[in-house]
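Presented below is the structure to which this report refers.
The values are calculated or read from the model by the stated rules, or taken from the named source; none is laboratory data. None of the values given here were measured: they were computed from a predicted structure. Glycine also receives a Cβ, built like all others from the backbone with ideal geometry; neighbour counts cover every protein chain displayed. Surface areas here come from the heavy atoms of the whole protein model, side chains and all, with no ligands, DNA or RNA. Shrake-Rupley method; radii C 1.70, N 1.55, O 1.52, S 1.80 Å.
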Amino acid sequence: DNVFLLENHIPKKVTFDDVGGLQDLKKTIEMKIIKPFMNPGLFAKFRKKAGGGILLYGPPGCGKTFIAKATAGECHASFYPIHISEILDPFVGVSEQNLHHAFETARGNSPAVVFFDELDALGFSRSKSRSDVMRPLVDTMLNELQSVETSNEKLLVIGATNMPWDVDDAFKRPGRFDKLVFVPPPDREARKIIFQLKLSGRPVENGIVYEILADRTSLYSGADIENIVELASEQVLAEIMDGGHERPITMDDLLDAIHQTKPTTLEW
Ligand code: ATP
């Protein structure tokens, strides 16, 4: 009934093992987010505040949503992805209600990770003039963040954006989305692992050389690689259904699929 909540629970548990590469990012999230979230008592003892949220930024398709979901998996928490564009409503006050309702739903199912995609769509940096229209919604968001920060709610808030420079400055203050973390396009080693992850469980020939696949996909995002694997799988399936003999996915199928696609991180 909540159209703005894409999924109410994690359909399949995703953990850091499902995320290829991004070792430094995983370490940062573990030390700054997961450990404090799981051990609030310890932090209190040392008079350290465990809190504040992270703002993930970087080109599309490189795993911002995926790592947020994996963070929920690591915390044994439910995952609530919220798209700002789906919260917005032209009627006065309804967007604010939608946002509050989304937080309430997550509170009702805590521990939970609330994930905001496109945070730049909410409010504007001071340099922009349209911020007045968004002010009430920005204030609602700040109130909710304040409540998470000052109470003992088992909620973790993670934001993401492709345009960090457009995120309202008010969100970047201490206790809010105060840790700005870059999620880079996968490097060669990460691309190799992402190919392995996405192909695992599918029939593949023995001769797959993952190093070559990684070499041929520089500037491809994780989502682009997932797309290559889907495309190759579909083409082999189509061939089999067209009367061909059943066979696994080959290196040639994957190289063909690479040729048919383009890296998307270039446009960022
Ligand atoms: P956007 O900015 O467009 O929202 P995003 O950075 O949030 O993009 P995701 O939605 O997390 O990107 O990634 C899309 C898909 O690509 C994921 O569902 C996942 O399957 C795959 N993917 C991306 N990066 C990785 C990675 N490092 N390891 C494994 N899979 C990945």
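Worth pointing out:
- Scattering curve values for region 45-93, log₁₀ I(q)/I(0), Debye with Cα scatterers, q = 0.21, 0.25 Å⁻¹: -0.94, -1.06
- Here the scattering of region 129-195 is modelled by Debye summation over its C-alpha atoms, one equal scatterer each and no solvent; at q = 0.22 Å⁻¹ the log10 of I(q)/I(0) is -1.00.
- Angle between the chain longest axis and helix 131-150 axis [Cα atoms, degrees, rounded to 10]: 90
- Accessible-area value, residue 153, 1.4 Å probe, nucleic acids and ligands omitted, Å²: 50
- Axis of helix 94-108 versus longest Cα principal axis of the chain: the two differ by about 80°, to the nearest ten degrees.
- Where labels lie 7 Å past Cα in the beta-carbon direction, separation of residue 89 and residue 266 in nm: 4.3
- With all protein chains modelled, accessible area of residue 183 [1.4 Å, Å²]: 0
- Think of each Lys and Arg Cβ as +1 and each Asp and Glu Cβ as -1; about the Cα centre, that makes the dipole of the chain roughly 1560 debye.
- Linear extension gain, residue 15 paired with residue 163, 0.36 nm per residue minus alpha-carbon span: 50.7 nm
- Alpha-carbon radius of gyration plus Dmax, which is the widest Cα pair, for region 130-268 in Å: 21.7, 63
- The mean accessible area for residues of region 153-268, using a 1.4 Å probe and ignoring ligands and nucleic acids, is 52 Å² per residue.
- Pairwise label distance in nanometres, residue 146 with residue 104, each label 7 Å out on the Cα-Cβ vector: 1.9
- Once you reduce region 33-49 and region 163-234 to the center of their Cα atoms, the two points are 31 Å from each other.
- Comparing the chain with the 2.2 N^0.38 Å rule of thumb, its C-alpha radius of gyration ratio is 1.13 (two decimals).
- Degrees separating the helix 251-260 axis from the principal Cα axis of the chain, which is the longest one: 60
- Percent accessible area from carbon and sulfur atoms, region 61-207, protein chains only, probe 1.4 Å: 53
- Each of 31, 141 has its accessible area taken with a 1.4 Å probe; listed largest first, they run 31, 141.
- Think of a 1.4 Å ball rolled over the protein heavy atoms: region 22-91 then has 49 Å² of accessible area per residue.
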